[in-house]
Amino acid sequence: MLEYFVHLDPDDSPEDLALVFADIPDELIREQVEVSKLPKNWREIPAPPELAQIGDEFARRGECPILLVPSALAASENNWLINPLHTDFKKILMHPAGPLSYDPRMFRRSPVRRPHSRK
């Protein structure tokens with residue numbers, strides 16, 4: 001959600017977003033992209049085209065259903081890309097979609113000051 005949120009225009013956020021949960025069996029093969037294999041500028045805006053090529057190549061090869069890629073916002077976390085054309089996709093349980101809306105506090109323009117506690 002954060003990866004998408006950072007690209008939202010707070011004055012024009014979409015009202016038709018949906019949130020879908022999936023149960024992915026542990027036995028499904030996952031491919032993981034290590035940060036060391038990414039271009040040095042992988043966290044820059046706009047994203048370098050090499051990043052899209054990694055996803056395109058993953059889908060083209062079709063060797064596994066899941067690709068884990070480092071999050072540009074939190075490099076120790078991963079985004080999970082799911083290949084719906086892979087034969088094991090049918091093993092993933094997709095729950096019904098529900099509405100997704102961001103908490104309005106996420107769109108605050110000025111920082112919130114919190115009082116410091118004194119000891």
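Tabulated data for the structure shown
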item	result
Hits in region 77-119 - residues which are part of a loop (DSSP other than H, G, I, E, B) and at pLDDT 85 or above	GLU77, ASN83, PRO84, LEU85, HIS86, ILE92, HIS95, PRO96, ALA97
Every residue from region 19-41 that is touching a Pro at 6+ places or on another chain (Cβ under 6 Å) and either under 30 Å from TYR102 (Cα atoms) or free of Cβ contacts under 8 Å to residues at least 24 places away in the same chain (or both)	VAL35, PRO39, ASN41
Selection count where residues are in a loop (DSSP other than H, G, I, E, B) and either surrounded by 11 or more Cβ atoms within 10 Å (Cβ to Cβ) or under 13 Å from the mean Cα position of the chain (by Cα) (or both), scope region 45-62	3
Residues located in region 1-44, provided they are among the β-branched types (Val, Ile, Thr) and at pLDDT below 85	VAL6
Number of positions in region 63-73 that are within 12 Å of ARG30 (Cα to Cα) and not in a strand (DSSP E or B)	3
All positions within region 65-81 that are surrounded by fewer than 15 Cβ atoms within 10 Å (Cβ to Cβ) and over 11 Å from the mean Cα position of the chain (by Cα)	ALA75, SER76
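The values are calculated or read from the model by the stated rules, or taken from the named source; none is laboratory data. Remember, predicted model here, so these are calculated numbers, not experimental data. Neighbour counts run over all protein chains shown; Cβ positions are idealised from the backbone, glycine included.
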